[in-house]
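Below is one structure, written out as structure tokens, with a few remarks after it.
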Amino acid sequence: MKNNPNFIAPVGPASSGKDHLIQILKDRGYERVSLSDSIRDDLDKLHPGRRHTRSDFQDYGDKMRLEYGNDYWAQRAGENIEVLKRSGATKFAIDSIRNPAEIEWFKKTYGLIAIAVDAPLELRIKWAFKRQRNIDDTISEDNIRRDFERDLGIGQPEHGQNVRSCIEMSDQLIINDETEKELDEKLRDALLSIGVEGNHNHREKK
């Protein structure tokens, strides 16, 4: 399917700055649809009341891709998109893509445009320490490096996470190695180049 600027996904490793692109898209009226939200919903049903770590998300995500196909989580997100479309949403920011088959499914189904956001490893480790999200395992450099390597696909099976290959499949690549302001400028320029302009803090109606 032809590239469709109404479907955009930030793609990249953990703690690289993808959330900045999501926020810019939300400011322009895009609905965020996250593959990880479907994983979280399942884990909450399976283990109510338990805090789920990044490793839990990775393990369960891999398990379901192995059982039902590598594009399983993309299809789950597609179901959420169709629900949102029926309520009037027309533009979508797809978050948490981790496997190449997920990009392939979104490109084939919706004409997804993938924008990769990458950053040097040492900066990503520094930012991970700074934010310390609730899903992080016990914070240590060893744990962070282990999770980041798995996220990239190092030593992982075909049904596992492979963000490195997702970056290679992306339509654009942004390197986040300067200030937050400079990252925002790079991201806005990237969006302008595909026809996304202005701030629209409202949901478009059909």
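Scanning region 43-58 for residues that are at pLDDT 95 or above and surrounded by 14 or more Cβ atoms within 10 Å (Cβ to Cβ) returns a single hit, Leu43.
Take Ser165 and decide whether it is open to solvent by 10 Å² or more (accessible area, probe 1.4 Å), at pLDDT below 95 and among the small types (Gly, Ala, Ser). Answer is no for this residue.
For region 67-102, the tally of residues that are in contact with a Ser or Thr (Cβ under 6 Å, 6 or more places away or on another chain) and either open to solvent by 30 Å² or more (accessible area, probe 1.4 Å) or assigned to a loop (DSSP other than H, G, I, E, B) (or both) stands at 2.
Counting only residues that are in a helix (DSSP H, G or I) and either closer than 15 Å to Ile167 by Cβ or in contact (Cβ under 8 Å) with a residue 60 or more places away in the chain (or both), region 1-40 holds 10 of them. Using the structure shown, decide if Leu35 is of a type in the set (A, V, I, L, M, F, W, C) and either over 30 Å from Glu182 (Cβ atoms) or surrounded by fewer than 21 Cβ atoms within 10 Å (Cβ to Cβ) (or both). For Leu35, the condition - of a type in the set (A, V, I, L, M, F, W, C) and either over 30 Å from Glu182 (Cβ atoms) or surrounded by fewer than 21 Cβ atoms within 10 Å (Cβ to Cβ) (or both) - is not met. So is Lys126 part of a helix (DSSP H, G or I), at pLDDT below 95 and open to solvent by 20 Å² or more (accessible area, probe 1.4 Å) or not? Taking the combined requirement at face value, the residue satisfies it.
The values are calculated or read from the model by the stated rules, or taken from the named source; none is laboratory data. All figures in this text were calculated on a predicted structure; none of them were measured in a lab. Because the Cβ atoms are built from the backbone with ideal geometry, glycine has one as well, and the counts that use them run over all protein chains shown. The area values use the complete protein model at the heavy-atom level, side chains included, leaving out ligands, DNA and RNA. Shrake-Rupley method; radii C 1.70, N 1.55, O 1.52, S 1.80 Å.
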